[in-house]
Amino acid sequence: MATRSEKHQLKRRKIRTIITRSLAAVLGIAIVLGIFAAVSTMSAVESATSAVEAAEEMLHDLADQQAIDTARQSKQYATGLVNELPQGATWEELSQRLDQIGQALAVAQAELDAEKERLRREAQVEEAVALAESLTDDLSEFEKAEEASEAYSQAMELWQQLDSGEAREELHKRLMAVLEEIEYAQELLTAQQRATEAVEEVQNLSANLSTQSRVNSARAAHDHAKDLVDKLPDGQLKEDLAGQLAEVQIKIAQAQQQIHAQAQANATSAVERAESRSASLSNWDTISAAEEAYDEAMYLVHRLPRGSVRTSLLNRLNTVGNAIDAAEAKLREKERQAVLYTYSQMITEIQSLASDYPDLVSAQVLGKSVAGKDIVALTLGTGEKNVLITGSIHGSEWVTTPVLIETIKQYIEDYDDDNYFETHSLRHILDTYSITFIPMANPDGVTLAQQGAGAFPDRREQLLTLNQPWGESFTRWKANISGVDINRNFAVHWHDQPSDRPSWSDEPNYAFYPGPGPESEPETKIVANWARNNNPVLFLDYHSYGEIIYWWYHQTGDQLERDRAIVQAVCDYTGFRMESVGTFDPMMSYAAYWGAEVLGIPSMTVEVGNRPPRFLNLNHVPDIMDQVRYLPIVAITNLPDYQPPDSD
């Protein structure tokens, strides 16, 4: 029988056996499970790897959205498999490959989206271009052309947003074709409109063709309109406008014939009148009357078109002129030089006055004439306000020079004696105003009118040519020695000289030629520069003849009323006629016109004497002085800012 100890050991061995067997069983299960797990892991890696490879393979064909979506789904499937793998080297590799697949899909999607946007834009531009093209089918009106132009601009704005490529180039060609059609249509519509308006203007002008000036304007407008119509493309509009112009041209031609016939009749009557008056030339009055008729006839004849009638009338007038010259020569032979007032006499008197009255009178040389004669100014008074008075701008009107010299002498005497004109103190006036006289603004012209071409032997032949048709008689000479009429040479409306002035005034001559440009002559510049430098408040330009005051030079408003009041006072004092507003229409570059418009001051052309200037001489100065002695004082005292002594 076993002992307790033996039983205990036996029990321990059984327990050890059970534990060993249990451990073996457990180890066996673990080994089996490990093998199964390894096999399972190997299968998942292969599946994930295959899924990744399949997704990568799809990257080779991502041409459309379906392919991208399919690849994206494949990538999502592979991502799910990879995410089930245990982290490690394999998982890391496959995850990186999946990231690359995702990046490739994003790039492909962006490229596809860009392509879709490009196609959308191209379609949008295609639609806009097609609209613009359709609108160019009818561009017969400005509104339709404008509508097409707006459609073109919108299409061009969309086109500029396109990427470069064949489609962009093709659309651009179509747009340029649209633009070319629109521009051509706009040019054509503009040309049609201008031509139509020009024809309408001609028709309006042709409604009144009563004067040569109106006929000239209508003819010029017709020629301009015809030029515009001729440039239009052939069509109904061009045919209609050309027909209207042809009708107007007939009206103009008929009106011109009537005017020529009337002008010829008027000129013939004037020549007959001059011939009648030249039949008796026994004294200055009859010579003056014949001269007046001769001048009127010569003006009318020179306006006739060249031809046999004009030539015949000119020949008859030459006979009249020769008769007048012969009669005048006989009378002048009796009077000789005693009736003249020369440049030398004027210089002597001015120097004497300046020397005798240095506190009141000053003289200065303003410049030289074309022939080198000093043009002298004499300033009377010490006032701060300046007044300008000119004389002998026209050579034949030299009698204005002694009139101004006598005026100066009168005012010096009145100042010394403190005389009054009416209620006005001459001393107060000359203390307030400085009156600058340019008594002989055209000394060469004066000398030529008084002494003839012999006074300038080096210019004799040239002067005789300029003096046609008067030959050796220069008593009608108005211009400076270059044949420029100073009173048509000022810088005001110089380019607006009337188109119907005598044809011989378009080149140097004894009268009326305005020169090659405004202020082209030194005599003109001297007067104008003095005025610009001294800011006169009043300008009086003495001429002869007519006993009239010319003053309206298209002033308006307050300036018109100011000047009218001054001139009215002057005419009331002198008894001279006052030019009516609106009666002197042509714009001429006269000195007084320049003063009124450019300087903006009261300006008058004072015409003294009751007979043509060639018949005026020193013997007539006293009578003229009785009329105009205080004319400048009347003008000054009627200036708006004039204040008599008791108002100071």
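The values are calculated or read from the model by the stated rules, or taken from the named source; none is laboratory data. No experiment lies behind these values; they were computed from the predicted model shown. With ideal geometry, Cβ positions are generated from the backbone for all residues, glycine too; neighbour counts draw on all protein chains shown. When the accessible area is computed, the model is the full protein with side chains, heavy atoms only, and any ligands, DNA or RNA have been set aside. Shrake-Rupley method; radii C 1.70, N 1.55, O 1.52, S 1.80 Å.
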**Item:** Extreme residue, positive dipole direction of the chain, given options TRP398, GLY307, TYR590 (C-beta unit charges)
**Value:** TYR590
**Request:** Highest first, please rank the peptides 255-266, 45-56 by the mean number of other Cβ atoms sitting within 10 Å of their residues.
**Result:** 45-56, 255-266
**the chain, dipole about Cα centre (Lys/Arg Cβ +1, Asp/Glu Cβ -1), debye to the nearest 20** = 2580
**Message:** Given a 1.4 angstrom probe, I'd like the percentage of the accessible area of region 116-175 that is carbon and sulfur, rounded to a whole number.
**Reply:** 45
**Message:** Given the options SER206, ALA265, ALA255, identify the residue whose Cα lies farthest towards the positive end of the charge dipole of region 197-306 (+1 on Cβ of Lys, Arg; -1 on Cβ of Asp, Glu).
**Reply:** ALA265
**Complete:** Scoring only Lys, Arg, Asp and Glu (+1, +1, -1, -1) among other residues with Cβ under 11 Å from the Cβ of ALA155 yields -4
**Fill in**
Inter-part gap, Cα centre of region 528-590 to Cα centre of region 280-305, in whole angstrom, is 28
**Complete:** In this structure, the FRET efficiency calculated for SER520 and ARG460 from their beta-carbon separation, with R0 = 25 Å, to the nearest 0.05, is 0.60
**Message:** If you average the alpha carbon positions of region 408-445 and of region 57-97, how far apart do those two centres end up, in angstrom?
**Reply:** 117
**Complete:** Taking only the alpha-carbon positions of the chain as identical scatterers, the Debye log10 I(q)/I(0) at q = 0.08, 0.11 Å⁻¹ comes out as -0.79, -1.11
**Prompt:** Put a dot 7 Å past each Cα toward the Cβ at MET625 and LYS173; how far apart are the dots in nm?
**Reply:** 9.6
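Give me the compactness ratio for region 78-140, meaning the Cα radius of gyration over 2.2 N^0.38 Å.
Rounded to two decimals, the normalised Rg is 2.30.
Length gain on complete extension for the stretch GLN364 to ALA265, per 0.36 nm per residue less the alpha carbon to alpha carbon distance?
Between GLN364 and ALA265, full extension yields an extra 30.4 nm.
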**Complete:** Rounded to whole Å², per residue accessible area for region 53-180 with a 1.4 Å probe reads 63
**Message:** Using +1 at the C-beta of Lys and Arg and -1 at the C-beta of Asp and Glu, which of ALA441, ILE412, GLY383 has the Cα lying farthest in the positive direction of the dipole of region 336-477?
**Reply:** ALA441
**Complete:** Taking only the alpha-carbon positions of region 180-332 as identical scatterers, the Debye log10 I(q)/I(0) at q = 0.19, 0.20 Å⁻¹ comes out as -1.02, -1.07
**Complete:** Computed on Cα atoms, Rg of region 392-513 relative to 2.2 N^0.38 Å comes out at 1.38
**Debye, to nearest 20: dipole size of region 81-192, +1 on Lys, Arg Cβ, -1 on Asp, Glu Cβ** = 540
**Asked** Once the other residues with Cβ under 13 Å from the Cβ of ASN638 are scored (Lys, Arg +1; Asp, Glu -1), what is the net sum?
**Response** -3
**Prompt:** Of all the C-alpha pairs in region 301-402, what % are more than 22 Å from each other?
**Reply:** 56
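Need the full-extension length gain, GLU201 to ALA130, defined as separation in residues times 0.36 nm minus the C-alpha distance. One decimal, nm.
On the way: separation 71, 0.36 × 71 = 25.56 nm, distance 4.11 nm.
Net length gain for the segment: 21.4 nm.
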**Request:** For ALA565 and ASN534, compute 0.36 nm times the residue count separating them, minus their Cα-Cα distance, and round to one decimal in nm.
**Result:** 8.7 nm
**Prompt:** So if we plug the beta-carbon distance of SER580 and LEU237 into 1/(1 + (r/R0)^6) with R0 = 41 Å, what FRET efficiency do we get, rounded to 0.05?
**Reply:** 0.30
**Asked** Rg(Cα) of region 528-648 divided by 2.2 N^0.38 Å?
**Response** 1.08
**Item:** For a label point 7 Å along the Cα-to-beta-carbon line of SER43, residues of region 71-99 with backbone N under 18 Å
**Value:** 81-86
